[in-house]
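First up is the structure itself, then whatever we jot down about it.
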Amino acid sequence: MGELWPGLASTLSRLDVLAGEPSGMDDAAPSALRRLQYSLHVAGEHLHGLVPPPGAASAHAELADALICARDATAEVAEAALVWGAEGVEPLLPEWRGALFRVRLARLRLATPAAKKDVAPSPAPAALAPALLAVGLALAGALAFVAGATLGLWPVWAAGLLATAAAVLAYRP
């Protein structure tokens, strides 16, 4: 794969320049496009001679298909530039640019992925029971405090304060 990428990157860069400025195509553009079309063909041939890496057979096939589509789209653009000039290329630009993008995308999918960083295992979740106990004590203590203060019953009021304090002690994160 290492031998394939530099030539393919150079070819795609030159094709992107032509696809980006079709109005700048002159009389030499059709022959340049034919050479670049042949470069795409050669890249496809080299790709067929390679054995795909383990687990990358679909990405390998996708790149091969993308190269064929880009080669064919480049041939259509070269023919249009030869017959009608830069104006004849305009209707073909979206398809051509899409085919070139598809080659780049397939190339990225086939590139070796970066090594994954070792991720520390997450700590085990804390027990839920102490948290529920603390919430229950706080709720009961607040209700008892309000009820005791409203009704004027100081023992209920004091029990509410104690339950709220116990909630603080029951749950320690």
Exercise. If you take the residues in the range 1-42 that are assigned to a helix (DSSP H, G or I) and more than 26 Å from GLU90 (Cα to Cα), which one is farthest from the chain's Cα centre (by Cα)?
Worked result: VAL42
Exercise. Filter the range 76-113 for residues that are without any contact (Cβ under 8 Å) to a residue 12 or more places away in the chain and of a type in the set (Phe, Trp, Tyr); which is most open to solvent (accessible area, probe 1.4 Å)?
Worked result: TRP84
Problem set entry | Conditions (1) of a type in the set (A, V, I, L, M); (2) surrounded by 14 or more Cβ atoms within 10 Å (Cβ to Cβ); (3) over 19 Å from ALA111 (Cα atoms): number failed by LEU8 | (3)
Problem set entry | Selection within the range 80-123 - outside any helix (DSSP H, G or I) and either at pLDDT 85 or above or of a type in the set (Ser, Thr, Tyr) (or both) | THR112, SER122
Exercise. Considering only the range 157-173, how many residues are touching a helix residue (DSSP H, G or I) at 6+ places or on another chain (Cβ under 8 Å), without any contact (Cβ under 8 Å) to a residue 24 or more places away in the chain, open to solvent by 60 Å² or more (accessible area, probe 1.4 Å) and not aromatic (Phe, Trp, Tyr)?
Worked result: 2
For this session: Only residues that are assigned to a helix (DSSP H, G or I) and touching a residue at least 24 places away in the same chain (Cβ under 8 Å): list them for the range 51-64, please.
Result: ALA59, HIS60, GLU62, LEU63
For this session: Would you be able to say whether some residue in the range 49-68 is surrounded by fewer than 16 Cβ atoms within 10 Å (Cβ to Cβ) and more than 27 Å from the chain's Cα centre (by Cα)?
Result: yes
Seminar exercise, completed: Among (1) within 17 Å of ALA111 (Cβ to Cβ); (2) at pLDDT below 85; (3) open to solvent by 50 Å² or more (accessible area, probe 1.4 Å), SER23 falls short only on (1)
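The values are calculated or read from the model by the stated rules, or taken from the named source; none is laboratory data. Because the structure is predicted, anything quoted here is derived from the model rather than measured. For neighbour counting, all protein chains shown are included, and Cβ atoms are generated from backbone atoms with ideal geometry for every residue, glycine included. Just so you know, the surface numbers come from the protein's heavy atoms only, side chains and all, with ligands and any DNA or RNA stripped out. Shrake-Rupley method; radii C 1.70, N 1.55, O 1.52, S 1.80 Å.
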